[in-house]
1. If you take the residues of segment 145-158 that are surrounded by 14 or more Cβ atoms within 10 Å (Cβ to Cβ), assigned to a helix (DSSP H, G or I) and free of Cβ contacts under 8 Å to residues at least 60 places away in the same chain, which of them is nearest to the chain's Cα centre (by Cα)?
2. Do any helices (runs of 4 or more DSSP H) entirely within segment 34-98 hold 1 or more residues that are surrounded by 17 or more Cβ atoms within 10 Å (Cβ to Cβ) and modelled with pLDDT of 95 or more, and if so, which?
3. Would you confirm whether or not segment 209-225 contains a residue that is more than 21 Å from T97 (Cα to Cα) and surrounded by 19 or more Cβ atoms within 10 Å (Cβ to Cβ)?
4. Which members of segment 122-141 meet the condition of being outside any strand (DSSP E or B) and among the basic types (K, R)?
5. Against the conditions (1) surrounded by fewer than 17 Cβ atoms within 10 Å (Cβ to Cβ); (2) touching a residue at least 24 places away in the same chain (Cβ under 8 Å); (3) of a type outside the set (A, V, I, L, M, F, W, C), where does Q178 fall short? Just the number, please.
6. Could you tell me which residue of segment 189-200 is surrounded by the fewest Cβ atoms within 10 Å (Cβ to Cβ), considering only residues that are assigned to a loop (DSSP other than H, G, I, E, B) and out of contact with any Phe, Trp or Tyr (no Cβ under 8 Å at 6 or more places or on another chain)?
7. Find the residue count for segment 29-59, including only residues that are over 11 Å from A6 (Cβ atoms) and either within 28 Å of the chain's Cα centre (by Cα) or among the aliphatic types (A, V, I, L, M) (or both).
8. What number of residues within segment 201-250 satisfy the criterion of being among the small types (G, A, S) and either assigned to a strand (DSSP E or B) or touching a helix residue (DSSP H, G or I) at 6+ places or on another chain (Cβ under 6 Å) (or both)?
Amino acid sequence: MTRGQARANGLARLRASDDPSPALAADLLLADACGIAKEVLYAHLDEALPPDREARYRELIERRAAGEPVAYLRGWKEFFGLRFAVDDRVLIPRPETETLVEAALAYLRAGRRRRVADVGTGSGAIAVAIAVNEPEARVIATELSSGALEVARANIARAGLAKVAEVRLGRAADTLRQLLVEGAGPFDLIFIDADKPGYPEYLELSLKVCRPGTVIVADNVVRQGEIVHASSADANVQAVRRFHEMVAAEPRLSATVIQTVGVKGYDGLTIALVISD
């Protein structure tokens, strides 16, 4: 069987499973099974596919047809031009988040600001992308999940950033309190993308480790538009509503909420600037 024939079979299987991007998934998984880049694959579709690689490809296609993300199947995801290890212990970095990293880098460079807190780092994608592209940045990240912590630390080590990016295990609120005790702040940029019920407390603690000019960014705050419903029974929605009420009532903050549309549907982020002590 040639690579092209295997690709056709894989594509047909994914189309039958209603995969949202069957051609892309079939190509990425075949390239992965062959151990080559996708672009090389396209140039050599007439080459024979060894039986072991064919079996591997069929396995990947079946797992994808069952709904497993391509990034988990390959074991990595590209983000901001960097390759990050990912598996089912972490969420997959989203392409739209790259825009946020671009804005963060521009902000840090414009004011020669360096200290970044990443609350709920997951795979460590944001922390690593900032530290790689802004060598003077110093990042402290928090993560509740020990599994995600292992992934983040591995990505940080692979990027050679162990001396400038630190990940701490534990509840984000506990870590923020410890940073306050240590006098680790003030931070110039604070990302919040952790458990939503904790958002109000994370905002309160973030305000204790910031200074005028600090930017606080909270992700996943539109919740498919559900935050407009005061009667929502969803604890995440109610916590995010409370978070926004606190932002609106806080005289030290000037803030806006931006809706985003991407792989997670309708969501958004809050960007708050600390304008006074």
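The values are calculated or read from the model by the stated rules, or taken from the named source; none is laboratory data. Fair warning: this is a prediction, and the values are worked out from it, not measured in the lab. No Cβ is skipped: glycine too gets one built from the backbone with ideal geometry, and neighbour counts run over all protein chains shown.
1. Selected residue: A148.
2. 51-65, 70-74
3. Yes, some residue in segment 209-225 is more than 21 Å from T97 (Cα to Cα) and surrounded by 19 or more Cβ atoms within 10 Å (Cβ to Cβ).
4. Correct list: empty.
5. In the conditions (1) surrounded by fewer than 17 Cβ atoms within 10 Å (Cβ to Cβ); (2) touching a residue at least 24 places away in the same chain (Cβ under 8 Å); (3) of a type outside the set (A, V, I, L, M, F, W, C), Q178 misses (2) alone.
6. Once the filter is applied, the top-ranked residue is D195.
7. Of the residues in segment 29-59, 10 are over 11 Å from A6 (Cβ atoms) and either within 28 Å of the chain's Cα centre (by Cα) or among the aliphatic types (A, V, I, L, M) (or both).
8. Of the residues in segment 201-250, 4 are among the small types (G, A, S) and either assigned to a strand (DSSP E or B) or touching a helix residue (DSSP H, G or I) at 6+ places or on another chain (Cβ under 6 Å) (or both).
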